[in-house]
Amino acid sequence: MSKRPVAGQTVSKSAQKSPGPQPSPHYELRAHDVHAHLWEAVLRIDAAHSSTVSLSMPVWIAGSYMVREFAKHIQQIEARQGARGKALALTQINKNTWQASCTPGKPVWVRILVHAHDNSVRSAWLDADRGFFNPTSLCLRVHGLDDAPHRITLLPTPATAKWRVITGLEPDAPPKTAAERRGFCAYTAGGYEELADSPFELGLPVEEGGRLWVGEFSARGTPHVFAVAGALPSFDGARLLADTQRICEAAIDFWHSPTGKPARKGSAPMRRYAFMLNAVADGYGGLEHRHSTALIAKRGDLPAQSASGSSTLSAAHLPNGEGYTRLLGLISHEYFHTWNVKRLRPAEFERYAFDAEQYTQLLWFFEGFTSYYDDLLLVRAGLIQPDHYLSLLEKTIQGVLAQPGRKAQSVAQASFDAWVKYYRPDSNSPNANVSYYTKGSLVALCFDLTLRSEGRTTLDAVMRELYKRTGGGPMSEAQFAKTLADLSGRSFAPEIAAWVHGTEELPLKALFGAHGVSLQTQRQANSAGMAASLGLVVSEGHVVQVKAVIQGGVAHAAGFAAGDEWWALETPGAQGSGVQSPASASRKSAAAPMTCAASNTWRIGSLQQLRQMALPGQALAALVVRDQRVLRLPLALPSPAQEADTPRLALLDVAACTRWVGGAGARG
């Protein structure tokens, strides 16, 4: 068995100084029952390293900061030891830990069955068409052996014999059999942390009648594989590969080519890389890993071929395919994480603690700065134009400024609270929380535009210098601050205090103006604009469903609450008594007309319908249903002058903006 660590894995000094060979965990995984969604995982320890072997299932997965309790999916667990397989008693210590008393020096086997029906990027899945898993969901951790090489072997079954296996790990040996050529073979990770960071995708290839499409390309000399599960037959795989290659090369150049020329061959920190995309009816997200990423996206967002066989999208017309642009941004985001979080990572994450929460205040840097660069690299890869990039950035600004929580929580505190807030939003989240993704990306924008305005360096150069100084390893906020100061020639302590640890507004307007972009406000004459003016977050259909109420707004003053169903609006008197007729107003508006339920009561299904009536300043009442009661809430609609304004970006100086978004002056 190979003792080498796989590319990029750091083995601790304690493991390097071990006086003799350590026992190594070896996992054998197979599909136990595809219809019951059961994986079988057998852990073998060649020689028990003590009289008590402790085992645990991780409670979270790196990159998704929430306790998810993967042990809850274990349906069966048993342990044996010795050549005859004598049963061992397993004692459960807590929710995710077991102990087995055994004889040191003899082999131990632990077998588990795991139910896998979580169609996300975080856990495990198995059915008759597809298999997917993160080892954090199927591979028990052996306490005390974290730094030993971990071997994992995928075994075929009658149900999966013709499937193909995709992973970022490399096979231990060149394939010899048909099963090995499909990926059913042994792989070795440098320790449990790398094993946990190596997802697997399995399925029947499309050329054999299945739903797994696989393509390959090289980026700056590094081989990449891209697997897509569940794509439509009209899916344009060649287009996806070509665009992803451009993204990968732009990212590699960003980190490894300060001269602005293409990075040298093999400069990426991984020997190979795997994209695993699950195409579904509705979904979006990704999870980064050291040499792979797991993605989920709408299959309708994938590029499609026209009837003639050519792509229906081109780089020049990406604005007509916003879903595909969003997918490319996701690919860019997760790939950028290869450097920024999987190598350059918070000092608190130098070693992952898989059994409990692990806190850091730096997610604004690792997620926020990555969110800043994901769409920016699409420009630098030639996939979108600067004006399109500004439209994407405009949406981010609108989202952040629409959240009062930005005035209540700093991005540093949001990072620390991710375990209990970001992944568990509730109806009060807009009032209390800020996203370290979106506001963090605007913080990165502010640092970059400030550095560029002062003319000595850029955020691009700061990121590369940080990577160099840390050796692509753990970093602290103090190291970020020092690198900023060293490259810029001044301290950024006031900006870090205000933008990262404070809640005051970011100086976006002034910074944009210095780079050829104008930030203005504009009235949004639609349902979204009316919802913002009222201070509501809603969903619309046959009824207006209240999702959240913004504190201090009109709806808050009226007494609206999350969960209310807003069915009707009651006007002061009968139709014609100084109130514009909804029927006549509808002729001037694309919105569906309101219907009159009584002489002065109007059914509504969209807030846009409120614009059909001249009502500001009149005594109105909203009729809402709450807990099977009809409530009459006094409501004062804002006048047009009082309605909320929406931030808008306008390109004024193409050359100045292009120097920024194109990366000019970013080298060094």
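State which residue is farthest from Leu392 (Cα to Cα) when the search covers only segment 510-550 and only residues that are without any contact (Cβ under 8 Å) to a residue 60 or more places away in the chain and not in a helix (DSSP H, G or I).
Gln545
Per-residue answers, yes or no, for (1) exposed (fewer than 14 other Cβ atoms within 10 Å of the Cβ); (2) more than 30 Å from Gly405 (Cβ to Cβ); (3) at pLDDT 55 or above; (4) touching a Gly at 6+ places or on another chain (Cβ under 7 Å):
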site: Gly535; (1), (2), (3), (4): no, no, yes, yes
site: Gly559; (1), (2), (3), (4): no, no, yes, no
site: Met594; (1), (2), (3), (4): no, yes, no, no
site: Gln609; (1), (2), (3), (4): no, no, yes, no
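Please find, among Asp355, Asp374, the residue that is in contact with a His (Cβ under 6 Å, 6 or more places away or on another chain), buried (at least 17 other Cβ atoms within 10 Å of the Cβ) and modelled with pLDDT of 95 or more. Break it down into steps so the answer makes sense when it comes.
Numbers: Asp355 fails: in contact with a His (Cβ under 6 Å, 6 or more places away or on another chain).
Within the list Asp355, Asp374, the selection yields Asp374.
What do you reckon, is Arg351 part of a strand (DSSP E or B) and over 30 Å from Gly563 (Cβ atoms)? Step through it out loud before you land on a result.
Numbers: part of a strand (DSSP E or B): no; over 30 Å from Gly563 (Cβ atoms): yes.
Against the criterion (part of a strand (DSSP E or B) and over 30 Å from Gly563 (Cβ atoms)), Arg351 does not qualify.
Taking Gln81, is it among the polar types (S, T, N, Q) and without any contact (Cβ under 8 Å) to a residue 24 or more places away in the chain?
Working: among the polar types (S, T, N, Q): yes; without any contact (Cβ under 8 Å) to a residue 24 or more places away in the chain: no.
No.
With part of a loop (DSSP other than H, G, I, E, B), within 30 Å of Ala650 (Cα to Cα) and either modelled with pLDDT under 95 or not β-branched (Val, Ile, Thr) (or both) as the only criterion, which of Ser577, Ser589 stands out?
Details: Ser577 fails: within 30 Å of Ala650 (Cα to Cα).
Ser589 is the lone residue from the list that is part of a loop (DSSP other than H, G, I, E, B), within 30 Å of Ala650 (Cα to Cα) and either modelled with pLDDT under 95 or not β-branched (Val, Ile, Thr) (or both).
Would you be able to say whether some residue in segment 177-191 is under 19 Å from Val225 (Cβ atoms), basic (Lys, Arg) and not assigned by TED's automatic domain parsing to the domain that holds Gly63?
Looking through segment 177-191, at least one residue is under 19 Å from Val225 (Cβ atoms), basic (Lys, Arg) and not assigned by TED's automatic domain parsing to the domain that holds Gly63.
Conditions first: (1) in contact with a strand residue (DSSP E or B) (Cβ under 6 Å, 6 or more places away or on another chain); (2) within 25 Å of Asp460 (Cα to Cα). Leu277 passes all but one, so which condition is the exception?
(2)
Ile252 versus (1) in contact (Cβ under 8 Å) with a residue 40 or more places away in the chain; (2) over 20 Å from the mean Cα position of the chain (by Cα): which is the lone unmet condition?
(1)
So that you can scan it fast, the table gives a plain yes or no per residue for (1) part of a helix (DSSP H, G or I); (2) out of contact with any helix residue (DSSP H, G or I) (no Cβ under 8 Å at 6 or more places or on another chain); (3) surrounded by fewer than 20 Cβ atoms within 10 Å (Cβ to Cβ):
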residue: Val462; (1), (2), (3): yes, no, no
residue: Leu466; (1), (2), (3): yes, no, no
residue: Phe480; (1), (2), (3): yes, no, no
residue: Leu487; (1), (2), (3): yes, no, yes
residue: Ser491; (1), (2), (3): no, no, yes
residue: Pro494; (1), (2), (3): yes, yes, yes
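Answer yes if at least one residue in segment 160-171 is buried (at least 21 other Cβ atoms within 10 Å of the Cβ), within 18 Å of Ala31 (Cβ to Cβ) and touching a Ser or Thr at 6+ places or on another chain (Cβ under 9 Å), and no otherwise.
The answer is yes; a qualifying residue exists.
For residues in segment 241-289 being assigned to a helix (DSSP H, G or I) and touching a Phe, Trp or Tyr at 6+ places or on another chain (Cβ under 7 Å), which is farthest from Leu383 (Cα to Cα)?
Let us first name the residues in segment 241-289 that are assigned to a helix (DSSP H, G or I), namely 241-256.
Retained after the next criterion (residues that are touching a Phe, Trp or Tyr at 6+ places or on another chain (Cβ under 7 Å)): 241, 244-245, 247-248, 251, 255.
Working: Leu241: 13, Thr244: 10, Gln245: 11, Ile247: 8, Cys248: 12, Ala251: 13, Trp255: 19 Å.
If we take residues in segment 241-289 being assigned to a helix (DSSP H, G or I) and touching a Phe, Trp or Tyr at 6+ places or on another chain (Cβ under 7 Å), then Trp255 is farthest from Leu383 (Cα to Cα).
Being without any contact (Cβ under 8 Å) to a residue 40 or more places away in the chain, in the same structural domain as Arg343 (by TED's automatic domain parsing) and within 20 Å of Val661 (Cα to Cα) narrows it down to one of Val443, Val462, so name that one. Write out each step before concluding.
Details: Val443 fails: without any contact (Cβ under 8 Å) to a residue 40 or more places away in the chain.
So the residue among Val443, Val462 that is without any contact (Cβ under 8 Å) to a residue 40 or more places away in the chain, in the same structural domain as Arg343 (by TED's automatic domain parsing) and within 20 Å of Val661 (Cα to Cα) is Val462.
Restrict the check to segment 217-229 and report whether at least one residue is more than 28 Å from Pro25 (Cβ to Cβ), part of a loop (DSSP other than H, G, I, E, B) and touching a residue at least 12 places away in the same chain (Cβ under 8 Å).
Looking through segment 217-229, at least one residue is more than 28 Å from Pro25 (Cβ to Cβ), part of a loop (DSSP other than H, G, I, E, B) and touching a residue at least 12 places away in the same chain (Cβ under 8 Å).
Somewhere in segment 58-72, is a residue at positive phi, surrounded by fewer than 18 Cβ atoms within 10 Å (Cβ to Cβ) and not in a strand (DSSP E or B)? Even if it seems obvious, please write down each step before you answer.
In the first step, residues of segment 58-72 are kept if they are at positive phi; the result is 63, 69.
Applying the additional criterion that residues be surrounded by fewer than 18 Cβ atoms within 10 Å (Cβ to Cβ) yields 69.
Then keep just the ones that are not in a strand (DSSP E or B); that gives 69.
Taking every residue of segment 58-72 in turn, at least one turns out to be at positive phi, surrounded by fewer than 18 Cβ atoms within 10 Å (Cβ to Cβ) and not in a strand (DSSP E or B).
The values are calculated or read from the model by the stated rules, or taken from the named source; none is laboratory data. Note that the coordinates shown come from a computational prediction; the quantities given were computed from them, not determined experimentally. When we count neighbours, we look across all protein chains shown, and the Cβ atoms used for this are built from the backbone with ideal geometry, even at glycine.
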